[in-house]
Amino acid sequence: MRIEKYLVLNKYLLSLFGVSDFKKLQEKLRDVQTGVDSDGRTYFVNVLRSLENLQKDKLSEDDLLRYDSNIQSYVRKINYKREPVSLKYFQYLAVLFAEIVLDNLKNRKIEFIYDLNEFLEKYKNEQDIKIIDSFTEDDLKKLAFWMATGSGKTLIAHINYYQFFHYNLFSPDNILFITPNEGLSKQHFEELQKSGIPCKLYSGSLNGGFKNEREVLVIEMTKFVEKKKGGGVTLPVDTFEGRNLIFIDEGHKGKKSEERKWAKLRDRLAENGFVFEYSATFGQILSERNKETLYEYAKSIVFDYSYKYFYLDGYGKDFSILNVKQTKISDQEFQESMFVANLLSFYEQLLVYEENKHLAKEYNIEKPLWIFVGTTVTGKEEESDVVQIVEFINRVIKDEEWVKKWIEDILNGNTKLKDEDGKDVFSNKFEYVRKKGIDFDDLYRRVFGGKGSLRIHELKNAEGELGLKISENEYFGVINIGDVSGFKKQLEKRGISVEQDAISGSLFDNIKKEDSKINLLIGSKKFIEGWDTWRVSSMGLLNIGKEQGPQIIQLFGRGVRLKGKGMSLKRSNEKNQILRLLETLNIYSIKADYLTRFLEAIRKEEVEFETIEIPIKPQHKDKWESLHILKKDEGKRFEEEEILRLELDKRIYTTVDFLPKVSRYLAKERTDEGIRIEQIRAEIEELRFPEDIVDLLDWEKIYQEICEFKVAKGYWNLVFDKDKLKNLLLSDRYKIKAFPELLEVKRREDLRRLEEIALLVIKKYLDMFYRKYAKRFETENLRYDKMGEQLPLFVFEKTGEKYSYTVQINKKEKELIAKIKDLVKDLNKLLKDDEETLPRICFDSHLYVPILLHGKKIEKISPPGLVESERMFVLGLREYLRNNKDKFSDVEIYLLRNYPFSGVGFQLEWSKFYPDFIMWLKKGDKQTIVFIDPKGLEHTKDLDDEKIQFAKKDIKEIEKNLGKDNIRLEGFILSITPYEKLIEGKINPSSKNQYIEHNVLFLNDSNWPESLFSNLIKKNSP
């Protein structure tokens, strides 16, 4: 069952943006850069404003701009004491969706509920849903966020806090942040402090002196009881009477069996109040069988960024779970083969890491860690599993011949463990060690620290810890378990003695240190309680119980955490076997039923994908060497080659326009007083900061924030001091469009507002200043180069000498998968157009075929398929060339899809620009290189837009600088937005002919190809 179809609140909010599922917004926003444009608006809001089917009667552009301004102010607040964060697109959307709901609840509640129910009736008929009835006011007292572990739920919660008080739905009597356990309570307390939110950690008593206004009490769910009996640290729920504001982290597991009472207690606390809830695991508890829970969350889940979206966006490690088909093999054989395979898998990753430390460092990959974890932290079952793991380790240490035999069987495919296709489950694994060969002395040294005898020590200075070492070597592993005494007895029964260590400190705390020698962690307690590490690379499962899906997904989510290059949190997109090995979480189990339960939970998250390689056929390879491209000198980097000192540049002039965001509300207030709009317009002025105001600003704060801005932007070589920044505000290099009262100071709050305006002016100028000189540097270091094989094929998967797209499809789509696999086997069929099974275009002039398109049932294509505007361009160009062969009989024409980051890009004033296509017109020894970008242009700044300026002017300046007579450069923008739509609402818009003269053509004009080639021929005629 697809749970998403029941999430009616989320579906309503998506409908406001003219889409029916999140995937559409994901495609639009996933590659949009973070940060703000020259008007101080996020790039995200500019894309959302331009959506073709935006429901402007319910969500106007003015609303979106107001929400965008609010969101930026919340982000500034949470950056109070932390390394500055910028919201990723999905975090922005989560906050935006909450903003829309809170605004409507505060300012148009009755109409909002009416709109929701109108949508609900229509939606229920379309989806054949019967179990959800109309929204009431009570249904909107909780907003829930379904977000994958690692997607930033904590930051969202802090922004929600500020959002709630911005809209001030009511004044809460108590604010509670409820967590599952003490470990997470401590983490949340520390994070709240970083975000400048007043907070207190519950430590067994509420007597802690004066309570700050709007203070958050961080407390575990387990501390609440219906009625207090005796002493202890528990609290009866009626301690928190009144209207409460509640934040809940992973609290819904209380909906299961014996924990159901927790849900009732939470509901009591939230009566008449408001709840924000966050979970990665709604997919595990929501089903048609549990109608009460489904009904509740269908109306409260405001945003869905569950693990499948997180994974498809490239976040977190990849993962490998062995899906072993039932085979006639003894439990002992299964356990032995699995343990040794797990050992081999970990050794392979450790070996790769230590042989490629430079690469690991570049991509922020930490030293691999092998862990054994389960979904419970105590109990006989877990204790028994841990004892068994220790016995296997002991056997590995004592019996090298046994290890050698198993590894030989694993590498030769003789384990009797089969997958669904009847192949040995290990047949496609361990490629690196197969090629390199196994040095067993090296394996023992890297994993265990050497050879000898296994010794286990109870660490008296670290509660619940036992250390593992070989003879007198350093500790290589740590066991973290609840009942040390009982565990010791179990080991002793098996002839394994435990010694005492009264000197060493905690080995567990040592794991996160860069020079840690700990390779192995056994036990779940700390991991389940929210301990975060980036090291986990191999996971062995312990005690995976029935109906523990939420805990399984939390374990999994923590295991796939990845820093990524530049702290992007993403897997690398490089086609590099080394990186793939290091960025994969391998999951094993010595018990088959644990694996089965783990797989069942993962399947509910819909992250099981069939990966199919779609081969491409290169075309015109004999011509590639003769085609020229632009390349920059990779050995020279602007930030390393030049020191850039901030100065007042007479050619840089910036405007900050506050009319759309601030002055609109002033205008509303003043028209309410009876002043006509015409009079107000006359009062709008172009302002600058007076000297007396500049002196009142907090320059220490401004300087610090500009320094943080410099770091966030990567402007490492930019040099300035406070005086330079102050001089900028006193200069004539900017203007502020606003009403005169915007810069008046009457209250202390006015100064804070003026500091924000000053920061915006300075940041905008710094951006323009830096990018002007970065652009000049890049232009000066561009050169022509022969294309060769690198550019067309670099982005593709390479297997041997063949190159391929990689597509991922949900494994449930069995029929589609079978059809595509058949297609791959038949190159003749593959090299024909198709709109259905595998949408694609084959074009004789393109440098490879086929060109894949976005497909509804294909979850991900790498490199990405064409979007609609790109498809229209390729089809239009192909048809034109086919119908006009005689015009180009003496001209060779070639086309290539140009991909971001790996293709040819240009530094513009505000962003890096990668035109979507490169086209070559070659005649003899002369050629014209044309950069073409088919795009929507709803929010361009008329003909001053930097991409339009690039196509008209900048590209010709590059051509002039390079000064090669036989090579011409051209640029074109092909707008999917019709001219009529483009000029809607604009005063004195540029004419269509003016756009065409600036190399902007319109894809809805049937003659655009004729205009394109006429323009090229005219410009490049002798």
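The values are calculated or read from the model by the stated rules, or taken from the named source; none is laboratory data. As the structure is a prediction and not an experimental result, all values here were calculated from the model. Here the Cβ positions follow ideal geometry from the backbone for every residue, glycine too, while neighbour counts run over all protein chains shown. To get the accessible areas, we keep the full protein, side chains included, count just its heavy atoms, and leave off ligands, DNA and RNA. Shrake-Rupley method; radii C 1.70, N 1.55, O 1.52, S 1.80 Å.
Hey, among 289, 268, which residue is at pLDDT below 85 and over 15 Å from residue 149 (Cα atoms)?
Numbers: 268 fails: at pLDDT below 85.
Going through 289, 268 in turn, just one is at pLDDT below 85 and over 15 Å from residue 149 (Cα atoms): 289.
Any residue in segment 287-302 that's surrounded by fewer than 17 Cβ atoms within 10 Å (Cβ to Cβ): show its pairings with residues that are outside any helix (DSSP H, G or I) at Cβ separation under 7 Å, as long as the two are six or more apart or on different chains.
Cβ pairs passing all conditions: 287/1; 288/1; 291/131; 295/131; 295/132.
Filter segment 429-463 down to residues that are open to solvent by 30 Å² or more (accessible area, probe 1.4 Å) and on the phi > 0 side of the Ramachandran plot, then give me how many there are.
3
Quick one: which of 361, 405, 423 is free of Cβ contacts under 8 Å to residues at least 24 places away in the same chain and within 28 Å of the chain's Cα centre (by Cα)? Quick ask: steps written out before the conclusion?
On the way: 405 fails: within 28 Å of the chain's Cα centre (by Cα); 423 fails: within 28 Å of the chain's Cα centre (by Cα).
One residue alone meets the criteria, 361.
Output the residues belonging to segment 744-759 that are in a helix (DSSP H, G or I) and surrounded by fewer than 12 Cβ atoms within 10 Å (Cβ to Cβ). Quick ask: steps written out before the conclusion?
Going residue by residue through segment 744-759, those that are in a helix (DSSP H, G or I) are 748-759.
Matches in segment 744-759: 748, 749.
Scan segment 143-171 residue by residue and report those that are open to solvent by less than 10 Å² (accessible area, probe 1.4 Å) and of a type in the set (A, V, I, L, M).
The answer is 143, 144, 147, 148, 156, 157, 159.
If I go through segment 325-348 residue by residue, how many of them are touching a helix residue (DSSP H, G or I) at 6+ places or on another chain (Cβ under 9 Å) and farther than 15 Å from residue 541 by Cα?
Looking only at that region, the number is 7.
Of the numbered conditions (1) open to solvent by 40 Å² or more (accessible area, probe 1.4 Å); (2) farther than 19 Å from residue 657 by Cα, residue 781 fails exactly one; give the number of that condition.
Among (1) open to solvent by 40 Å² or more (accessible area, probe 1.4 Å); (2) farther than 19 Å from residue 657 by Cα, the lone unmet condition for residue 781 is (1).
Just to verify a result, which residue in segment 345-376, among those that are farther than 14 Å from residue 520 by Cα and polar (S, T, N, Q), is least open to solvent (accessible area, probe 1.4 Å)?
Per the stated criteria, the residue is 375.
Looking only at segment 431-450, which residues are of a type in the set (Lys, Arg), in contact (Cβ under 8 Å) with a residue 24 or more places away in the chain and closer than 15 Å to residue 519 by Cα? Talk me through it step by step, then tell me what you get.
Applying the first criterion (of a type in the set (Lys, Arg)) to segment 431-450 yields 434-436, 445-446.
Checking which are in contact (Cβ under 8 Å) with a residue 24 or more places away in the chain leaves us with 436, 446.
Listed by number, the list holds a single entry, 446.
When segment 697-721 is examined, which residues are found to be touching a helix residue (DSSP H, G or I) at 6+ places or on another chain (Cβ under 6 Å) and either of a type in the set (Gly, Ala, Ser) or open to solvent by 80 Å² or more (accessible area, probe 1.4 Å) (or both)?
716
Name the single residue that is most open to solvent (accessible area, probe 1.4 Å) among those in segment 563-576 being of a type outside the set (Gly, Ala, Ser) and modelled with pLDDT of 85 or more. Before the answer, list the steps.
Quick first cut of segment 563-576, residues of a type outside the set (Gly, Ala, Ser) only: 563, 565, 567, 569-571, 573-576.
Now drop any that are not modelled with pLDDT of 85 or more, which leaves 563, 565, 569-571.
Details: 563: 43, 565: 95, 569: 40, 570: 62, 571: 45 Å².
Among those residues, the one meeting the criterion is 565.
If I go through segment 212-238 residue by residue, how many of them are surrounded by 13 or more Cβ atoms within 10 Å (Cβ to Cβ) and either at pLDDT below 75 or among the β-branched types (Val, Ile, Thr) (or both)?
Qualifying residue count, segment 212-238: 7.
Being under 18 Å from residue 613 (Cβ atoms) and open to solvent by less than 10 Å² (accessible area, probe 1.4 Å) is true for just one of 824, 807. Which residue is that? Explain how you work it out, then say what you get.
Numbers: 824 fails: open to solvent by less than 10 Å² (accessible area, probe 1.4 Å).
Answer to the selection: 807.
For segment 326-344, does any single residue satisfy the condition of being open to solvent by 10 Å² or more (accessible area, probe 1.4 Å), in contact with a Phe, Trp or Tyr (Cβ under 9 Å, 6 or more places away or on another chain) and under 30 Å from residue 97 (Cα atoms)?
Here is the first cut: in segment 326-344, the ones open to solvent by 10 Å² or more (accessible area, probe 1.4 Å) are 326-336.
With the extra rule that they be in contact with a Phe, Trp or Tyr (Cβ under 9 Å, 6 or more places away or on another chain), the set shrinks to 327, 335-336.
Add one more test, that the residue is under 30 Å from residue 97 (Cα atoms), and what stays is none.
No, the conditions are met nowhere in segment 326-344.
Go through 838, 896 for me and flag whichever is outside any loop (DSSP other than H, G, I, E, B) and open to solvent by less than 20 Å² (accessible area, probe 1.4 Å).
Numbers: 838 fails: outside any loop (DSSP other than H, G, I, E, B).
Residue meeting the stated conditions: 896.
Please state which one of 921, 852 is in a strand (DSSP E or B), closer than 20 Å to residue 820 by Cα and of a type outside the set (Phe, Trp, Tyr). So that I can check it myself, show each step before the final result.
Values: 921 fails: closer than 20 Å to residue 820 by Cα.
Just a single option satisfies the conditions, and that option is 852.
Could we say that residue 798 is out of contact with any strand residue (DSSP E or B) (no Cβ under 7 Å at 6 or more places or on another chain), modelled with pLDDT under 90, within 20 Å of residue 610 (Cα to Cα) and not in a loop (DSSP other than H, G, I, E, B) here? Break it down stepwise before answering.
Values: out of contact with any strand residue (DSSP E or B) (no Cβ under 7 Å at 6 or more places or on another chain): yes; modelled with pLDDT under 90: yes; within 20 Å of residue 610 (Cα to Cα): yes; not in a loop (DSSP other than H, G, I, E, B): yes.
The answer is yes for residue 798.
Tell me, which strands (runs of 3 or more DSSP E) lie completely within segment 464-562 with 3 or more residues that are open to solvent by less than 40 Å² (accessible area, probe 1.4 Å), at pLDDT 90 or above and under 28 Å from residue 319 (Cβ atoms)? Reasoning before the result, please.
Numbers: elements: 465-470, 475-480, 498-501, 520-522, 536-542.
Hits in segment 464-562: 475-480, 520-522, 536-542.
Kindly provide the set of residues from segment 259-302 that are in contact with an Asp or Glu (Cβ under 7 Å, 6 or more places away or on another chain) and part of a strand (DSSP E or B), ordered by number.
Correct list: 278, 279.
I'm told residue 994 meets every condition in (1) modelled with pLDDT of 90 or more; (2) open to solvent by 60 Å² or more (accessible area, probe 1.4 Å); (3) at positive phi except one. Can you identify the failing condition by its number?
Only one criterion is unmet by residue 994, namely (3).
Among the helices (runs of 4 or more DSSP H) lying completely within segment 1-69, list those that include at least 2 residues that are out of contact with any strand residue (DSSP E or B) (no Cβ under 7 Å at 6 or more places or on another chain) and closer than 19 Å to residue 315 by Cβ.
Values: elements: 8-16, 22-29, 43-49.
Per the criteria, 22-29.
If you take the residues of segment 72-104 that are at pLDDT below 95 and of a type in the set (A, V, I, L, M, F, W, C), which of them is most open to solvent (accessible area, probe 1.4 Å)?
Only one residue tops the list, namely 85.
Taking residue 788 as meeting all but one of (1) in contact (Cβ under 8 Å) with a residue 24 or more places away in the chain; (2) open to solvent by 40 Å² or more (accessible area, probe 1.4 Å); (3) on the phi > 0 side of the Ramachandran plot, write down the number of the exception.
Among (1) in contact (Cβ under 8 Å) with a residue 24 or more places away in the chain; (2) open to solvent by 40 Å² or more (accessible area, probe 1.4 Å); (3) on the phi > 0 side of the Ramachandran plot, residue 788 violates only (2).
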